Amino acid sequence: MKKFLSVGLAILLIMSVAAGCGTGQQYTKDQGKAKETVIRYNMKSEPQTIDPALDSGTGTEVILHNFEGLTKLDKNSKAQPGVAKSWETSKDGRTITFHLRDAEWSDGKPVTAEDFAYSWERVLNPETASSYAYQLYFIKNGENYNMGKAKEEDLGIKVIGDKTLKVTLENPTPFMMELFAFMTYMPVRKDIVEAHPENWTQKPDTYIGNGAFKMAAWNHNDSVVFVKNENYWDATNIKPDKLVFTMITEPTTELSSFESGSLDYGDNPPTTDLERLKKKGVLKEYPLLSTEAYVFNTKKAPFDNPKVRKAFSLAIDRKALVEQVVKGDEKLAAAWVPYGIPDADPDKDFRKTRGDYFDPQEAHVEEARKLLAEAGYANGKGLPEITLLYDTNESHKAMAEAVQEMWKQNLGVRIKLSSQEWQVFMATRRQTHDYQIARWGWVSDYIDPMSFLDMMQTGMGNNDAQYSNKQFDEAVRKSKTAASSGERMSYLHKAEDILMDDAPVLSIYFNINYAIVDPKLQGYMVDPLGDVYFHHAYYKK
């Protein structure tokens, strides 16, 4: 997912990193005791940014190890004390008072309540242009401030001394404590950011964090190296001495590096090798709240017409794609919100409660052709030239080629394929919106349907489709003020109904988190949000 590297070059890069940092757990010759524990993980691509306020997913691994929020997540993605050692919540659920522990930044300065207040205000400041600013709309006047309708002092963020922070929410929010662990809520240092506004994230001496690790080196398009942060409040329980996060885009190259002993953990194995790797005992499968999809640009013809979007969606054979291209155990997606998220009754699943919006086991060719004809493009005639855009990745290329053939056979539409290096692709899809159809996907930020729905509201930073529907927006808004969990989920189901009828997103399947892992590596944590934590990882002797 960044620049294409040949297999040989990528392996050479990784081996050079391994040679400098050690290979796994190093032992002294005379005593046989552990000298240094180094874990090598492939993060796949050069991050667009590693600023917690600006990242939208490409630098998450770096941020999670370099910073820590008021709370942190356990293996079930439930909130546990982080920088905040305790908190109290008001009876109405709208006010939370946090008490911070004696935590320090990696340069030894104390972490204060003001650090959090500054960081959140920075995210919400419209000049920051954070794509994730909407994650802080749950804070009182967060949206109004971000939209220029309120002042900074109107925000529900109040510093009460160095170690006490009072947060007032717009409404009681059931997943709020988990959201406080999200990267956009993590603190950054005002003095550092303002002294180096353009490049504070680029160098270890200015990329000051408060997490378990600190950056030692960033070798662009190669690797990020971390060492244990001796000033972290829980440093005595952090096991690895060093982390090396490499940047290998291609699955086959990642696998070659892993099998040569240059990687310990990679979560981008080739689909063609899954069965072999499973038999070998190095393939792990973890639950993942994620939907693989294509996204339509709803502001460009012909996909400004929902009938065209639905026709293209119904014309693909999801079962064939999963069985013949993906070759895994993924569930077919005939909806946007995946399985694994509780409904109003926590014993029931949101997806199972609503069910599928169509039968995903086959292509619905006749219905697709009818919709295309109703849109004025019978048998594909009259359609402008259409290009399907994807990022440079062999698996994504295979999927695009298969879908291209299905649209040709089932709709009579010829599609042009185009690939872009990851950084360019992200800018095209998110910033310039210079595309018609693009490879997409979403991994939940917390365990609630809201994470898949509020991002699609009009004007949200992660709404790559530029989708806008007043009824959809209103359903999401009403869910936030609902008097009961049943009413809240009812509005979220309604929102998904509207979304699926408008079809700005073409869901294909619900992802599984596949990883290739050295069997000796233990103690790492993988959550359903797709994040892997190496804080307590170690090697079996």
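Key figures for this structure:
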quantity: Filter result (hydrophobic (A, V, I, L, M, F, W, C), touching an Asp or Glu at 6+ places or on another chain (Cβ under 8 Å) and over 19 Å from ASP445 (Cα atoms)) within the stretch 115-164; calculated: LEU155, ILE157, VAL159
quantity: Yes/no for SER77 being part of a loop (DSSP other than H, G, I, E, B), within 28 Å of the chain's Cα centre (by Cα) and modelled with pLDDT under 95; calculated: yes
quantity: Tabulated pairs, the stretch 295-324, first over 18 Å from TRP336 (Cβ atoms), second of a type in the set (Val, Ile, Thr) and not in a helix (DSSP H, G or I), C-beta under 8 angstrom, 6+ apart or interchain; calculated: PRO302/ILE386; ASP304/THR298
quantity: Pairs where the first residue, in the stretch 468-481, is in contact (Cβ under 8 Å) with a residue 24 or more places away in the chain and within 22 Å of GLY93 (Cβ to Cβ) and the second is among the small types (Gly, Ala, Ser) and part of a helix (DSSP H, G or I), C-beta under 6 Å, 6+ apart; calculated: VAL476/ALA495
quantity: Subset of the stretch 275-320 [farther than 28 Å from ASN462 by Cβ and out of contact with any strand residue (DSSP E or B) (no Cβ under 8 Å at 6 or more places or on another chain)]; calculated: GLU275, ARG276, LYS278, LYS279, LYS280, GLY281, ASP317, ALA320
quantity: Residue in the stretch 433-449 that is without any contact (Cβ under 8 Å) to a residue 60 or more places away in the chain and of a type in the set (S, T, N, Q) present; calculated: no
quantity: Some residue of the stretch 267-282 being in a strand (DSSP E or B) and not hydroxyl-bearing (Ser, Thr, Tyr); calculated: no
quantity: Single residue of the stretch 438-473 satisfying the filter (of a type in the set (D, E, K, R) and closer than 16 Å to PHE296 by Cβ) that is surrounded by the most Cβ atoms within 10 Å (Cβ to Cβ); calculated: ASP464
quantity: Exclusive hit being of a type in the set (A, V, I, L, M) and surrounded by fewer than 20 Cβ atoms within 10 Å (Cβ to Cβ), set ALA320, ALA315, ALA311, ALA335; calculated: ALA320
quantity: Top-ranked residue in the stretch 407-437 [being among the small types (Gly, Ala, Ser) and not in a helix (DSSP H, G or I); ranked as surrounded by the most Cβ atoms within 10 Å (Cβ to Cβ)]; calculated: SER419
quantity: Hits in the stretch 409-458 (condition: farther than 30 Å from ASP349 by Cα, charged (D, E, K, R) and in contact with a helix residue (DSSP H, G or I) (Cβ under 9 Å, 6 or more places away or on another chain)); calculated: ARG414, LYS416, ASP434
quantity: Within the stretch 302-317, tally of residues that are over 30 Å from PRO528 (Cβ atoms), in a loop (DSSP other than H, G, I, E, B) and in contact with a Leu (Cβ under 9 Å, 6 or more places away or on another chain); calculated: 2
quantity: Output for the stretch 344-398, where each listed residue is touching a residue at least 60 places away in the same chain (Cβ under 8 Å) and in a strand (DSSP E or B); calculated: ILE386, LEU388, ASP391
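Matching residues to (1) hydroxyl-bearing (Ser, Thr, Tyr); (2) touching a residue at least 40 places away in the same chain (Cβ under 8 Å); (3) part of a helix (DSSP H, G or I):
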| residue | (1), (2), (3) |
| --- | --- |
| GLY93 | no, yes, no |
| ASP102 | no, yes, no |
| GLY108 | no, yes, no |
| SER119 | yes, yes, yes |
| SER131 | yes, yes, no |
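The values are calculated or read from the model by the stated rules, or taken from the named source; none is laboratory data. The model shown is predicted, which means the values in this text are computed figures rather than measured ones. As a convention, Cβ positions derive from the backbone with ideal geometry for all residues, glycine included, and neighbour counts pool all protein chains shown.
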